[in-house]
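Below is one structure, written out as structure tokens; comments come after it.
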Amino acid sequence: MRIGKPDGHTLACLLIACLLPLISFASPPLKLEALTKAAIENNKDLRAARYSVLLAASRLKQAGLWPNPSLQLSNTDDRLLTNEGEYSRSIGFSQAFPISGRLHQQKNVARVDIAIAMGEIRNAKRQLRGQVADSFYALLITEERLKQLNKLLSINQQLMQVSQKRFHAAEVSELDANTAKLEYQRILQEKQSLTSFKINQQAQLNQLLGRSKQTPLLIDRTLPKSMFLPSLEELQKNALEQRPEMQIAWLSFNRSQAAQQLARAERWADWTIGLGVQQDKIAVEGAPLQRPDRAFNVNITIPLPLVNRNQGRIMETNLQGTQNLMKIKALSLTIKNEVASNYGQVMALQTALRQSQSGETFKLINRNVTLAREAYRNGQISLLEVLQIQRQQNELQTTRLNILEKYLQAVVKLCTALGNNRVPLCSPFSGKRTLHVCTHHEVL
């Protein structure tokens with residue numbers, strides 16, 4: 001049986017069948033929201049930090065346990081000495097009873113420790129979101145710069161070819177041809193350096209995502225839109241309410257108060273109540289053998305706080321509360337200044353970004369580049385003039401990317417300082433607030 005040659009339709013079907021697996025396994029570009037979610041789920045440092053909550057919960061479980069009871073056994077006889085048959089045997093049971101609410105106060109301290117551990121995890125997530133966003137936008141800007149260099153490299157390659165043709169036609173000097181080659185090599189080296197820098201940035205981002213540094217990473221190049229920001233006072237108030245450090249500071253103050261109550265409760269040590277049975281037998285010289293005596297013992301041990309009333313510990317916890325209030329004041333000022341500084345940068349860079357992205361400016365410079373290339377082909381201007389106009393275009397685009405990079409950095413810092421997602425500008429990488437862990441008070 002002879003097999004005929006496949007026609008074009010058959011070859012097309014085979015080609016599509018071969019490409020389908022590649023298409024199905026091709027991963028879409030990752031947006032910042034997806035990267036942030038992956039980082040929170042897989043970051044190794046954050047996973048280790050989550051164990052602090054389990055450690056605090058273990059301390060809470062231990063804080064609610066009573067002291068173990070004691071069993072006393074005693075045996076006294078004269079078998080090895082006079083051997084008159086005298087002995088005294090007893091068995092007893094004792095238990096310490098907390099009478100001042102010590103266990104309850106220990107539980108209160110342990111509960112606050114759990115809340116502090118949860119606040120530290122939220123703060124670690126806040127910082128991780130900021131790091132991921134900063135690395136994401138830095139990589140995005142680097143890819144934009146590479147895109148710009150690729151266009152410039154293509155233009156200079158064409159310019160180099162034109163210079164070579166004109167040199168062989170004796171229309172320009174060897175200097176022009178060599179200058180075009182050197183400019184092409186300069187841009188190529190700049191691209192290679194930037195490509196190496198991009199590999200390092202991808203490795204850093206993969207590290208934050210909890211993945212291998214060699215894992216391929218394809219990000220969505222969509223630039224964030226400039227959005228309206230609320231007033232500075234509103235943002236500062238919002239930051240004071242939502243920043244995990246502020247919540248931790250208030251929880252630390254609450255812990256010092258709980259520790260003070262515990263120190264007061266520890267002034268009275270546990271009372272110990274013991275129950276026992278004792279049997280004695282004595283020998284009286286010249287008297288008949290005595291019958292054993294049995295007795296039931298009850299004893300109570302009450303420590304009296306006459307000398308040690310835990311004064312030092314009470315004073316220490318009181319001073320810790322005052323210290324925590326001072327830290328809250330300092331932290332409040334720091335957060336306000338941090339938000340104000342980043343807010344001012346974002347507002348200023350928004351204006352600069354709008355000015356740098358003016359469409360008329362880029363139309364004009366692109367038109368100049370096109371005219372310069374045509375004029376050089378026609379021998380109307382020199383190569384140096386063409387390169388000067390191209391560098392002017394490159395500098396303008398570089399300035400725009402630099403402003404965009406600084407703007408994105410300022411946005412990340414502002415959103416990280418706010419610590420939540422109430423501002424639409426911060427929604428791509430800010431976490432939702434899920435738990436109130438303390439009540440805030442104004443510190444005068």
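Only one of S231, S212 is of a type in the set (G, A, S) and more than 21 Å from the chain's Cα centre (by Cα); which? Write out each step before concluding.
Working: S212 fails: more than 21 Å from the chain's Cα centre (by Cα).
The conditions single out S231.
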Q | Complete set of residues in the stretch 42-77 that are in contact (Cβ under 8 Å) with a residue 40 or more places away in the chain, assigned to a loop (DSSP other than H, G, I, E, B) and farther than 19 Å from R122 by Cβ | A | G64, P67
Q) Do we find a residue being surrounded by 14 or more Cβ atoms within 10 Å (Cβ to Cβ), under 26 Å from the mean Cα position of the chain (by Cα) and of a type in the set (D, E, K, R) anywhere in the stretch 279-294? A) no
(Q) For the list (1) at pLDDT 75 or above; (2) surrounded by fewer than 20 Cβ atoms within 10 Å (Cβ to Cβ), I need the number of the one condition that R373 fails. (A) (1)
Q: Kindly indicate whether any position in the stretch 239-253 is farther than 30 Å from G312 by Cβ, in a helix (DSSP H, G or I) and either hydroxyl-bearing (S, T, Y) or out of contact with any helix residue (DSSP H, G or I) (no Cβ under 8 Å at 6 or more places or on another chain) (or both).
A: yes
Q: Considering every residue within the stretch 252-273, establish whether at least one is within 30 Å of A34 (Cα to Cα), of a type in the set (S, T, N, Q) and out of contact with any strand residue (DSSP E or B) (no Cβ under 7 Å at 6 or more places or on another chain).
A: no
Q. Quick one: would you say M227 is in a loop (DSSP other than H, G, I, E, B), assigned by TED's automatic domain parsing to the domain that holds L418, exposed (fewer than 15 other Cβ atoms within 10 Å of the Cβ) and of a type in the set (A, V, I, L, M, F, W, C)?
A. yes
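The values are calculated or read from the model by the stated rules, or taken from the named source; none is laboratory data. Predicted model only: the values in this text are computed from it and were never measured. As a convention, Cβ positions derive from the backbone with ideal geometry for all residues, glycine included, and neighbour counts pool all protein chains shown.
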